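See structure below.
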Amino acid sequence: MQRLSAAALAGLPEDVARPRYDRSAVAAGIVHLGIGAFQRAHQAMYTEAALTAGDNRWGIVGASLRSPAVRDALKPQDNLYTLAVRGAEGERLQVIGAIKETLVAPEDPQALLRHLSDPAVTIVTLTVTEKGYCYDPATAALDEAHPDIVHDLATPDRPRTAPGFLVEALRRRRAASIHSFTVLCCDNLPHNGRTVARIVARFAELRDRPLAGYIRNEVAFPSTMVDRITPATTDDDRAAISRRLGVEDFAPVVTEPFSQWVIEDRFPGGRPDWSLAGAEFVTDVAPYENMKLRLLNGSHSTLAYLGYLAGYETVSDTMQDAHYRRLAEGVMDDAATTLKMPPGADVAAYKRALMERYANPALKHRTWQICMDGSQKLPQRLLGSIRDRLAAGLSVDRLVMGVAGWMRYVTGIDERGQPIDVRDPLSARLRAIADQAGIAADRLAPALLDVREIFGELGADTGFRASVTNALARIIAKGAKAAVADCSPG
């Protein structure tokens, strides 16, 4: 079968959308760090709409900071790929052309730095996941002892990390009297623009205090809220999409119909009109960000840990269990009491939409995938809501179920005695704690709550410790499914 490429576009089926603009005339105005499935389902799709409308300044140079897999799949396809949107009404396909080039930073860090220093580049977007910022999730401060940060400070012209690349590129631009770019974080960090600004400025301060002052004064870090469920693409997905196209696509992305992007409108160098694809520009994204982190991400992680332990492979499988559905609703209800939304925001409608999205049978979002990097995710997704409810004297018994599920998960052994492939920056340390404590709630919960990088001062709260320990004891004694049935409302 012929492979997807620019030459193959004309022969695609009529119902497959494709680029209708001259890709050779598109300039690279955006560099994206962390090119993966989510970016290609979300930000690249929004940028495609701007290019289709005739604004050819905004082609994307995508860079992986780790693996060559995306580059190796996209480059032979002229950086084209298929976006498959699956919902109850079926599937629609769109070939995206917004990516001009793909790089692998470890192979050639200078190539990425050259693009980041190009005057045509006015925006750098990031989806490097929470762990990619090399920060302490409990304090939102740069982890100055992180091995990759130590490396980047010692060898700044050969960086490994997102902060390292950003600061070295900004140093070069400043030295050459080139305007700074806007840094647009699209990851699930609290107050993500301000958090990344603080991390980057601190890294710069460790290198050069005047450079840090320049970054604080001249570089814009708008906050954003992103939302689109994007499961990992499977071999079956690739085969089915290729059959529909009539050509082979090694890099398709599968996603849901729902997509949301709320952005603070601070772009000194200009920006694409992402509103053409539905992006919303606001002056303050914080209320929307909190709503998403606490309602969607908090309930999603709860379903994932407890669903995985019960043997459910996907979120939609988990949602077939009425007790899990009710627990997810209860987690959202409890988290919603901590929100401060602007007038007109319909939180109830948002919760209903989330429940429908989770149950989408066309979206095979694996619980194991969502379970990854829990040490980085828990502080944003669940612990903020728990802190606020404890401060208000309210129960956290439903919210701690996700925390307790994570504790049982990171032991590395499931309820059937089989190994769990725990993917987490702290996995070795967490497994060592679990091995020493054993599968006993009264030892395991306190030991994990003392991991300051995750829980901070919350880990010492007696009410929180008691609630988590009780939840974990029920999960260990009865199994996740029965524990969920005990605690779900209704």
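What whole-number distance in Å separates the alpha-carbon centres of segment 194-244 and segment 456-475? For segment 194-244 versus segment 456-475, the Cα centre distance is 32 Å. Selection among 269, 28, 441 by position relative to the dipole of the chain gives 269 as farthest towards the positive end (Cβ unit charges, Cα centre). Once you have a ≥ b ≥ c as the square roots of the Cα gyration tensor eigenvalues for segment 286-487, tell me rounded if a/c is under 1.5, and otherwise prolate or oblate according to whether a/b is larger than b/c. It is oblate, given that a/c is not under 1.5 and a/b is not larger than b/c. Relative contact order of segment 9-282, taken over Cα pairs closer than 8 Å and 6 or more residues apart, is 22 percent. Taking amide H as placed 1.01 Å from N in the peptide plane, the amide H of residue 141 sits under 5 Å from that of 136, each at least 5 places away or on another chain.
For the chain, with only Lys/Arg (+1) and Asp/Glu (-1) charged at the beta-carbon, what is the dipole magnitude about the Cα centre, in debye rounded to 20?
Dipole magnitude for the chain comes out near 300 debye.
Here the calculated FRET efficiency for residue 482 and residue 258, from their Cβ-Cβ distance with R0 = 35 Å, stands at 0.60, rounded to the nearest 0.05.
How much FRET efficiency would the formula 1/(1 + (r/R0)^6) give for residue 340 and residue 94, where r is the Cβ-Cβ distance and R0 is 51 Å, rounded to 0.05? Could you put the intermediate results ahead of the total?
Working: r = 37 Å, r/R0 = 0.72.
Efficiency, from the Cβ-Cβ distance: 0.85.
Which listed residue (257, 165, 10) has the Cα farthest towards the positive end of the charge dipole for segment 9-282, taking +1 on Lys and Arg C-beta and -1 on Asp and Glu C-beta about the Cα centre? It is 165, whose Cα lies furthest towards the positive end. Between the alpha-carbon centres of segment 119-158 and segment 348-407 there is a gap of 26 Å. Annotation for segment 186-274: trypsin sites (Lys or Arg not before Pro) lying in DSSP loop with at most 16 further Cβ atoms inside 10 Å of their Cβ are 266. Distance between the pseudo-spin-label points of residue 435 and residue 240 (7 Å out from Cα toward the beta carbon): 4.1 nm. Exposed loop positions in the chain were taken to be GluC sites (Glu not before Pro) whose DSSP state is not H, G, I, E or B and which have at most 13 other beta-carbon atoms within 10 angstrom. Between these positions, the longest stretch is 108-490. You can think of it this way: the chain between residue 208 and residue 284 has 24.3 nm of extra reach, that is 0.36 nm per residue less the Cα-Cα gap.
Considered as an equivalent ellipsoid built on the Cα gyration tensor, segment 5-158 has semi-axes of 31, 18, 14 Å, the largest given first.
Counting charges near residue 353 (Lys, Arg +1; Asp, Glu -1) among other residues having Cβ under 13 Å from its Cβ returns a value of 0.
The stretch between residue 347 and residue 428 holds 25.3 nm of extra length on full extension. This uses 0.36 nm per residue minus the Cα-Cα distance.
Over the chain, dividing the summed -39,500 (n - 2.57) contributions of all DSSP H runs of at least 4 residues by the number of residues returns a 222 nm mean residue ellipticity of -12500 deg cm²/dmol.
None of the figures in this text is laboratory data; all of them are computed from the coordinates on show. Because the structure is predicted, anything quoted here is derived from the model rather than measured. Positions of Cβ are backbone-derived with ideal geometry, glycine not excepted, and every protein chain shown enters the neighbour counts.
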